[in-house]
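Student: The structure that follows is given in the form of structure tokens.
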Amino acid sequence: MFPKDGRTTLTVDDIPKRWYNIAADIGSPAILNPGTMKPVTHADLAPVFCKTSVEQELDITHRFIDIPDLVREAYAQFGRVTPLQRAYHLEQYLKTPAKIYFKREDVSPTGSHKLNSAIAQTYYNKRDGTEHLTTETGAGQWGSALSLACNYFDLDLIVFMVKVSFEQKPFRRSIMETYGGRVYPSPSNVTEYGRSVLAKTPTYGGTLGTAITEAVEKAVTDPTGQTKYAIGSVANHVCMHQTVIGQELIAQLNELDIVPDHMVACVGGGSNFAGFAFPMIEKKLKGKIDTQFLAVEPSEVPSLTKGELRYDFGDSGCITPMFKMYTLGHDFTPSAVHAGGLRYHGMNPLVSEMYNNKTINAVSYSENQIFQAAVTFARTEGIIPAPESAHAIKGAIDLALEAKKKNEEQIIVFNLSGHGLLDMNGYENYLKNCKDPVIRV
């Protein structure tokens, strides 16, 4: 008989009605205008973001922001509430006393958590009078989500996709184009910055920082002022939109009457980790729980574990404001790892602050280690995870094996932030070259 704690019963009526703004509880470092080195004003950000996005980004007062009815309707249309599932077969394979659960953000139409902010940002842009949006994307998950959202709310979209991923993941591009987005490999020849990069290095594979510069330039140089930029991670308002994940999770855990010992998520810019963990961190800040939080990043792009906490530009071309964050430097070029969504040089300021004050922990793994965890998960649970999400799986497996050594019944919950069905080139390369495709116990 299937154990009773395998699934929960939340419905569309349980979709959160408010986002949680953790900045109201812990504060947030000022964003600086690089020209004056003073905190940015609404006027500084107005050429880049729509009015409401600016207000939410700078809000350190309101702990909760109401989710508009049309946004909640779209959340319901596209698959919220997402399931919480127990990884029984993975537990059995590992022979661990730990109980492992995972939040399934992979079940959205575009395959990841990114729709949570894409829907919100597109709705606000439409309401505030924007006619065209620009954005960047790494692996293509954010670009796919924003393309769907822009089609839903009837906005035009231009996507600058990191060239390495543009070439590695052609079907991500096809998804964006199917939804109506126009996609350019970054660096491209359609912006001044892109042309300058190509002139110096024609074969440059690009970075998220480069793609951000191109997207922002395209927005702010529109003479009509009707083009704005939507960002996929890093910014505080994006992290806030993602907190529907963690709020749903708390309700699901309450239904099962369990409290996690560990919560694990991958980190690139920080949005999926923030959305998953921030609502539970609120409980820890109030002394209600003693859960440990683990952020997992690629060893090839170790912004938390090897970066420096300081002010840095959010983009490679130095046209964005400056954020206080753990950074590898805005001119950092990572290797062409397949987890393209984690190839960002910096980290969300709120996540950075929590790592600095030891509210959360962080660890990094190599690409081979995460693909080994991904294949192990696929062969036990039947789900092929995104390479990004496989970082969280590897972190959860290591915690489960540690619980096995100690013979402790730990409860581990991780965020399955996206599926890997369009990442099979990466899996194919791994399987061709690996000596042993799974973790042996």
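The values are calculated or read from the model by the stated rules, or taken from the named source; none is laboratory data. No experiment lies behind these values; they were computed from the predicted model shown. Here Cβ is always computed from backbone atoms with ideal geometry, including for glycine, and neighbour counts include all displayed protein chains.
Student: Looking at the range 128-152, which of its residues are part of a loop (DSSP other than H, G, I, E, B) and under 16 Å from Ser417 (Cα atoms)?
Tutor: Gly138, Ala139, Gly140
Student: Of all residues being part of a strand (DSSP E or B) and within 15 Å of the chain's Cα centre (by Cα) in the range 91-120, which is nearest to Trp142 (Cα to Cα)? Just the residue, please.
Tutor: Filtering the range 91-120 down to residues part of a strand (DSSP E or B) leaves 99-104, 112.
Remaining after also requiring within 15 Å of the chain's Cα centre (by Cα): 103-104, 112.
On the way: Lys103: 19, Arg104: 17, Ser112: 8 Å.
Checking each candidate, the answer is Ser112.
Student: Also, quick follow-up: Output the residues belonging to the range 411-431 that are aromatic (Phe, Trp, Tyr), crowded, with 22+ Cβ neighbours inside 10 Å and assigned to a helix (DSSP H, G or I). Before the answer, list the steps.
Tutor: Filtering the range 411-431 for residues aromatic (Phe, Trp, Tyr) gives 414, 427, 430.
With the extra rule that they be crowded, with 22+ Cβ neighbours inside 10 Å, the set shrinks to 414.
Selection gives nothing.
Student: Just the residues that are under 27 Å from Ile370 (Cα atoms) and either β-branched (Val, Ile, Thr) or without any contact (Cβ under 8 Å) to a residue 40 or more places away in the chain (or both), please, taken from the range 251-291.
Tutor: Val259, Val264, Val267, Met280, Ile281, Thr291 - these are the residues of the range 251-291 that are under 27 Å from Ile370 (Cα atoms) and either β-branched (Val, Ile, Thr) or without any contact (Cβ under 8 Å) to a residue 40 or more places away in the chain (or both).
Student: Starting from residues that are out of contact with any Leu (no Cβ under 7 Å at 6 or more places or on another chain) and assigned to a loop (DSSP other than H, G, I, E, B), keep the ones in the range 335-356 and report whichever is farthest from Gln168 (Cα to Cα).
Tutor: Asn348
Student: Out of everything in the range 375-392 that is in a helix (DSSP H, G or I) and touching a His at 6+ places or on another chain (Cβ under 7 Å), what residue ends up being surrounded by the fewest Cβ atoms within 10 Å (Cβ to Cβ)?
Tutor: Checked the range 375-392; the qualifying residue surrounded by the fewest Cβ atoms within 10 Å (Cβ to Cβ) is Thr380.
Student: Return the only residue of Thr110, Thr61, Thr82 being farther than 18 Å from Leu416 by Cβ and touching a residue at least 12 places away in the same chain (Cβ under 8 Å).
Tutor: Within the list Thr110, Thr61, Thr82, the selection yields Thr61.
Student: If you check Glu217 against the conditions, is it acidic (Asp, Glu), within 20 Å of Met161 (Cβ to Cβ), surrounded by fewer than 24 Cβ atoms within 10 Å (Cβ to Cβ) and touching a Ser or Thr at 6+ places or on another chain (Cβ under 7 Å)?
Tutor: It is true that Glu217 is acidic (Asp, Glu), within 20 Å of Met161 (Cβ to Cβ), surrounded by fewer than 24 Cβ atoms within 10 Å (Cβ to Cβ) and touching a Ser or Thr at 6+ places or on another chain (Cβ under 7 Å).
Student: Checking Gly111 against (1) on the phi < 0 side of the Ramachandran plot; (2) buried (at least 16 other Cβ atoms within 10 Å of the Cβ), which single condition isn't satisfied?
Tutor: (1) is the only condition that Gly111 fails.
Student: Suppose the filter is outside any helix (DSSP H, G or I), more than 17 Å from the chain's Cα centre (by Cα) and assigned by TED's automatic domain parsing to the domain that holds Phe273; does Phe332 pass it?
Tutor: It is true that Phe332 is outside any helix (DSSP H, G or I), more than 17 Å from the chain's Cα centre (by Cα) and assigned by TED's automatic domain parsing to the domain that holds Phe273.
Student: Moving on. Is at least one residue of the range 357-374 among the acidic types (Asp, Glu), surrounded by fewer than 22 Cβ atoms within 10 Å (Cβ to Cβ), over 19 Å from the mean Cα position of the chain (by Cα) and assigned to a helix (DSSP H, G or I)?
Tutor: Initially, the range 357-374 is screened for residues among the acidic types (Asp, Glu), giving 367.
Remaining after also requiring surrounded by fewer than 22 Cβ atoms within 10 Å (Cβ to Cβ): 367.
Among the residues that remain, those that are also over 19 Å from the mean Cα position of the chain (by Cα) are: none.
No, every residue in the range 357-374 fails to be among the acidic types (Asp, Glu), surrounded by fewer than 22 Cβ atoms within 10 Å (Cβ to Cβ), over 19 Å from the mean Cα position of the chain (by Cα) and assigned to a helix (DSSP H, G or I).
Student: Only residues that are among the polar types (S, T, N, Q), over 18 Å from Ile26 (Cα atoms) and surrounded by 23 or more Cβ atoms within 10 Å (Cβ to Cβ): list them for the range 261-317, please.
Tutor: Correct list: Asn272, Ser303, Ser316.
Student: Another question, if that's okay. Just checking, does the range 393-410 include any residue being in contact with a Gly (Cβ under 7 Å, 6 or more places away or on another chain), crowded, with 23+ Cβ neighbours inside 10 Å, within 26 Å of Val164 (Cα to Cα) and not assigned by TED's automatic domain parsing to the domain that holds Gly206? Show your work before the answer.
Tutor: Restricting attention to the range 393-410, the residues satisfying the condition of being in contact with a Gly (Cβ under 7 Å, 6 or more places away or on another chain) are none.
No, there is no match, as no residue in the range 393-410 is in contact with a Gly (Cβ under 7 Å, 6 or more places away or on another chain), crowded, with 23+ Cβ neighbours inside 10 Å, within 26 Å of Val164 (Cα to Cα) and not assigned by TED's automatic domain parsing to the domain that holds Gly206.
Student: Filter the range 153-179 for residues that are assigned to a strand (DSSP E or B) and under 19 Å from the mean Cα position of the chain (by Cα); which is surrounded by the most Cβ atoms within 10 Å (Cβ to Cβ)?
Tutor: Per the stated criteria, the residue is Phe160.
Student: Any idea which of Ala30, Ala24, Ala74 is within 20 Å of Leu350 (Cβ to Cβ), among the small types (Gly, Ala, Ser) and touching a residue at least 40 places away in the same chain (Cβ under 8 Å)?
Tutor: Ala30
Student: Right, here's the next one. I want to confirm something. Restricting to the range 338-355 and keeping residues that are over 17 Å from Gly275 (Cα atoms) and modelled with pLDDT of 90 or more, which single residue is surrounded by the fewest Cβ atoms within 10 Å (Cβ to Cβ)?
Tutor: His345
Student: Which one of these does Gln242 not meet: (1) surrounded by fewer than 24 Cβ atoms within 10 Å (Cβ to Cβ); (2) touching a residue at least 24 places away in the same chain (Cβ under 8 Å); (3) of a type in the set (S, T, N, Q)?
Tutor: (1)
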